[in-house]
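Peer 1: I'd like to ask you about the structure that follows.
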Amino acid sequence: MRGLILAGGFATRLRPLSCSKPKLLFPIVGVPLVESMARWLSSGGVDQIILAVNHLSDRLKIEVDQRVAGVTVAFSVEETPLGTAGPIRLAANLLGKDDPFFVTNGDIVSDIDIRRMLAMHEETKADATIALVSVRDPSPYGSVLTDSNGTVKKFEEKSAFFSATSLVNAGVYVLSPNIVRSIPSGRSVSLEKEVFPKLVRNGRMQAWIHNGFWYDIGRISEYVRANRELLEKQEPRAGEPEASQNGREILRPSYLGTQTRLGADSKVGPLTILSDNVTVGDEAIVRNSIVFEETSIGEKAIVEDSVIGERVVIGKESRIGHGSIIAGQLSIPGGSSVSPNSVILY
């Protein structure tokens, strides 16, 4: 069973964090997104994932091994952007000719039951099965209307036309191999605007309604929300301080990655995620924040309600104000005061 992850975009809505880091390597409660997605796909029987990439693909190839979470990894690199369907045609040789396969957008974090979704796809003999989720505001997504049997009757990408319904495209599909052959090659092609409408007209598209959790982390606000809500799901001891040596305090819920180092009298949490190899200096405070890997926070520094990129150095006695975003691989001089809601690019 194969799964194709569409990650060829430039992640512009995640800038400045995505300027130096591919979206698939963004930590989700400390775990790289590609690893989180591999675990999820593997739980449904997928044993090979194909990463359809473009932006920072060389970086991905260096950091992603040939196996992730027990799943074999292959790369399909777009020389020019090919939309959401073009990468499927480009990866045709990797996807095979005989069996259905999964396609998912590269910014989805969910517990969609793909094993049951595949079973329904095979039972209904559909050409495509699309996962649907309910959201409060469907306008940023593709709205979907189905009949009582779950057959998709109408698909409208990013339109207020179906404002009365909250069911939208979750960005997760099962596709039969004949779909690949119907996609034009050598140009950008849209699944949502070119491929799906034809399937709907022919009654060949089925819906799978998902009632669990689902996040589209393509925007920083949603990336932060996903991390915090998933952290709370993992941490049943919310608000409980953890006793530790040398005056260190960890207020739950918090996540500390491997080889995280906390200085004497430092305070971490609540709602704080420290990825691998993060250092927090003596008497420093980090709360309500997400810190990417290999970042160093100096002694007596304060980081509040912020997102800090990878390999950042925050100097001694600096203060990072509420709602700030610090791009990866930057250095904040000691004694600096970053105003609330700042975005530091360089």
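The values are calculated or read from the model by the stated rules, or taken from the named source; none is laboratory data. Fair warning: this is a prediction, and the values are worked out from it, not measured in the lab. Cβ sites come from the backbone with ideal geometry, for glycine too, and all protein chains shown count toward neighbours.
Peer 1: Please specify each residue of region 23-67 satisfying the condition of being in contact (Cβ under 8 Å) with a residue 40 or more places away in the chain, within 18 Å of Gln234 (Cα to Cα) and not hydroxyl-bearing (Ser, Thr, Tyr).
Peer 2: Scanning region 23-67 gives Pro27, Ile28, Val29, Gly30, Leu33, Met37, Trp40.
Peer 1: Looking only at region 53-104, count every residue that is touching a strand residue (DSSP E or B) at 6+ places or on another chain (Cβ under 7 Å) and at positive phi and tell me the total.
Peer 2: The number of residues fulfilling the criteria is 2.
Peer 1: Next question. Taking helices (runs of 4 or more DSSP H) that fall entirely within region 35-119, which contain at least 2 residues that are surrounded by fewer than 19 Cβ atoms within 10 Å (Cβ to Cβ) and touching a Lys or Arg at 6+ places or on another chain (Cβ under 9 Å)?
Peer 2: On the way: elements: 57-63, 86-90, 92-95.
Once the helices (runs of 4 or more DSSP H) in region 35-119 are filtered for at least 2 residues that are surrounded by fewer than 19 Cβ atoms within 10 Å (Cβ to Cβ) and touching a Lys or Arg at 6+ places or on another chain (Cβ under 9 Å), what remains is 92-95.
Peer 1: Within region 257-295, how many residues turn out to be closer than 18 Å to Asp305 by Cα, β-branched (Val, Ile, Thr) and free of Cβ contacts under 8 Å to residues at least 40 places away in the same chain?
Peer 2: Selection size over region 257-295: 9.
Peer 1: So how many residues does region 272-303 have that are within 19 Å of Ser337 (Cα to Cα) and within 25 Å of the chain's Cα centre (by Cα)? Give the steps one after another, and end with the answer.
Peer 2: Taking region 272-303 first, the residues within 19 Å of Ser337 (Cα to Cα) are 280-291, 295-303.
Now drop any that are not within 25 Å of the chain's Cα centre (by Cα), which leaves 286-291, 295-296, 303.
Qualifying residue count for the region: 9.
Peer 1: Looking at (1) modelled with pLDDT of 85 or more; (2) hydrophobic (A, V, I, L, M, F, W, C); (3) more than 21 Å from Arg219 (Cβ to Cβ), which is the one condition that is false for Phe155?
Peer 2: Unmet for Phe155, out of (1) modelled with pLDDT of 85 or more; (2) hydrophobic (A, V, I, L, M, F, W, C); (3) more than 21 Å from Arg219 (Cβ to Cβ): (1).
Peer 1: So which of Arg287, Arg311, Arg248 ends up being at pLDDT below 95 and basic (Lys, Arg)?
Peer 2: Working: Arg287 fails: at pLDDT below 95; Arg311 fails: at pLDDT below 95.
Among Arg287, Arg311, Arg248, only Arg248 is at pLDDT below 95 and basic (Lys, Arg).
Peer 1: Output the qualifying pairs, or none if there are none: Cβ atoms under 9 angstrom, residues six or more apart or on different chains, first residue in region 204-223 and more than 25 Å from Glu123 (Cα to Cα), second residue assigned to a loop (DSSP other than H, G, I, E, B) and aromatic (Phe, Trp, Tyr).
Peer 2: Listed by first residue and then by second, the contacts come to Asp216/Tyr141; Ile217/Phe26; Tyr223/Phe26.
Peer 1: Condition test on Gly269, is it within 22 Å of Leu25 (Cβ to Cβ), within 24 Å of the chain's Cα centre (by Cα) and at pLDDT 85 or above? So that I can check it myself, show each step before the final result.
Peer 2: Details: within 22 Å of Leu25 (Cβ to Cβ): no; within 24 Å of the chain's Cα centre (by Cα): yes; at pLDDT 85 or above: yes.
No.
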